[in-house]
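J.: Sharing a structure with you now.
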Amino acid sequence: VGDGAPTANYGYSNSGYSVYEEENDRLTESLRTKVSAIKSLSIEIGTEVKNQNKMLSEMDNDFDSTGGLLGATMGRLRTLSRGSQTKLLCYMMLFALFVFFVIYWIIKLR
């Protein structure tokens, strides 16, 4: 090699350039790893959001059907309450009398 000829690493080894280049390569690889982890995490979050939206949609359908069933039941109760009040009052009195005798019988056996 002659006096003015550059060395194999173009004279940068003495100035510390290769140290900076190695540090940049290490930081670049670290950044690539972190970006890859964030990408996989965001894909998993997207999948979870899709599953949760599907579950919410199914739950909404279930609540709608339950609301329809409850509405039908309330309609039947409204129809029942419009009926004869005398019959309803008679049934309530007979039920209360039955409960009273059952409780009296249980206490009497003790």
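Taken together, the values in this text are just the output of simple stated rules run on the coordinates, not laboratory data. What you see is a predicted model; the values in this text were computed from it and never measured. When we count neighbours, we look across all protein chains shown, and the Cβ atoms used for this are built from the backbone with ideal geometry, even at glycine.
J.: Quote the FRET efficiency, to the nearest 0.05, computed for Y104 versus T73 with a Förster distance R0 of 41 Å and r equal to the Cβ-Cβ distance.
T.: Values: r = 34 Å, r/R0 = 0.84.
The computed FRET efficiency comes out at 0.75.
J.: Here's a follow-up. Points 7 angstrom from Cα along the Cβ direction at I43 and S30: gap in nanometres?
T.: According to this spin-label approximation, the distance is 2.5 nm.
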